[in-house]
1. When you check Ile21 against the structure, is it within 21 Å of Tyr239 (Cβ to Cβ), part of a strand (DSSP E or B) and out of contact with any Ser or Thr (no Cβ under 6 Å at 6 or more places or on another chain), yes or no?
2. Please work out if Leu45 is surrounded by 21 or more Cβ atoms within 10 Å (Cβ to Cβ), touching a Leu at 6+ places or on another chain (Cβ under 9 Å) and in contact (Cβ under 8 Å) with a residue 40 or more places away in the chain.
3. What pairs can you find where one residue is in region 92-114 and in a loop (DSSP other than H, G, I, E, B), the other is basic (Lys, Arg), and their Cβ atoms are less than 9 Å apart, with a gap of 6+ or different chains?
4. So if I check each of Asn213, Asn220, which one is surrounded by fewer than 21 Cβ atoms within 10 Å (Cβ to Cβ), free of Cβ contacts under 8 Å to residues at least 60 places away in the same chain, closer than 27 Å to Leu37 by Cβ and not aromatic (Phe, Trp, Tyr)?
5. Exactly one condition in (1) under 19 Å from the mean Cα position of the chain (by Cα); (2) of a type outside the set (Gly, Ala, Ser); (3) outside any helix (DSSP H, G or I) is not met by Thr204; state its number.
6. If a residue must be in contact (Cβ under 8 Å) with a residue 12 or more places away in the chain, of a type in the set (Val, Ile, Thr) and farther than 19 Å from Ile218 by Cα, how many such residues does region 16-33 contain?
7. Kindly evaluate Lys178 against the criterion of being touching a Lys or Arg at 6+ places or on another chain (Cβ under 8 Å) and either surrounded by fewer than 18 Cβ atoms within 10 Å (Cβ to Cβ) or farther than 27 Å from Leu22 by Cβ (or both).
Amino acid sequence: MNSTFRPEKINRVMLKLSGEILAGTTGFGFDDTVCDLLTDELIGLKTLGYRIAIVLGGGNIFRGGSWRNQSLNRVTLDNIGMLATIQNALYVSEILQAKGCAAEVFSSFVLDKVARHYSAPKVLAAMAEGKICFVAGGTGNPYFTTDTAAVLRAIELKLDIVLKATKVDGLYTADPMKDKTAQFIGEASFQTCLEKRLGVMDLTAFSLAADNNMPIKIFNITKPGNLKSALQDAEIGTYIHP
C-alpha cells in the first residue's frame, strides 16, 4: 500500500478510548487484566519518547446519551456521563502511577480535590515534563461526545494525530459484523469519507477534525501491541487525513 502515513512525523498523540474498552468482556466497570495490559502499553510508548494525552469515554459506568426514561433531563444525564469519564481517568492514572509512570488528570469541570482544571497550557507543561495526561470530563458541555472532546483537545494542544481505539481493525465499507462482504479501508481522505458516508466518528467530531486538518487513525486496541503498531506501521488501522 502506497500510504501517506508518516510515523516519523508523529510524536504528540491523542488517544481516544471508549469506557467499554476498560470493561473488557464484563461490559461494566473495570477489567483488571485489560487495564494492566493497557497501562503497560502506554508506558512502552512513553519509553519510546512519545508524548501522550488521553480522552476516555464513560460508557463502562454510565452512558449519558442512552436512557430508558425519556422524561429525564438530557443535560443532567450527560453531566453524569462526563463525570464517569473523570472516574475512569483517575483510575487508569492511578494504575500508571503505581507502576512508576508519571501521569496527571485534568478535568473540564472544577473539581479541585480530585483533578486540576483543564487548560491547554497546563496540559502542555505536564506533557513536556513527560507525564501521560488524561483530559477528562468531555468538553464540559452536554450534547457533545467524547470523540468530539478528543478532537477538540488535540487541536487545542496542537497534537500530531488522534488515535481512535476500537474493537475492530479499522474502517470498513460497511459494518463487518453484519456484512461479510465489507471491505477494509486502509486509508482515506476526509473528503472521501464524506462522499462515501463512512462512519469514522460522529459528524461533529469528524467535521472539527476535517476543518482543522487533524489526522485520525482508527485501530483495534484489543490486539496486544497494536497501540504501538498503529503509530509505527501504515498497515495497521485506517488512516484518515486531509
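1. Details: within 21 Å of Tyr239 (Cβ to Cβ): yes; part of a strand (DSSP E or B): no; out of contact with any Ser or Thr (no Cβ under 6 Å at 6 or more places or on another chain): yes.
No.
2. Details: surrounded by 21 or more Cβ atoms within 10 Å (Cβ to Cβ): no; touching a Leu at 6+ places or on another chain (Cβ under 9 Å): yes; in contact (Cβ under 8 Å) with a residue 40 or more places away in the chain: yes.
So Leu45 does not fit the description; no.
3. Correct list of pairs: Cys101/Lys46; Cys101/Lys131; Ala102/Lys46; Ala102/Lys131.
4. Details: Asn213 fails: closer than 27 Å to Leu37 by Cβ.
Unique residue meeting the criteria: Asn220.
5. Thr204 satisfies every listed condition except (3).
6. The initial filter retains those residues of region 16-33 that are in contact (Cβ under 8 Å) with a residue 12 or more places away in the chain, namely 16-23, 27-30.
Remaining after also requiring of a type in the set (Val, Ile, Thr): 21.
This time we only want the ones that are farther than 19 Å from Ile218 by Cα, so: none.
Adding up the residues that qualify gives 0.
7. On the way: touching a Lys or Arg at 6+ places or on another chain (Cβ under 8 Å): no; either surrounded by fewer than 18 Cβ atoms within 10 Å (Cβ to Cβ) or farther than 27 Å from Leu22 by Cβ (or both): yes.
In short, no.
Values in this text are rule-based calculations from the coordinates and carry no lab data. Note that the structure is predicted; figures quoted are calculated from it, not measured. With ideal geometry, Cβ positions are generated from the backbone for all residues, glycine too; neighbour counts draw on all protein chains shown.
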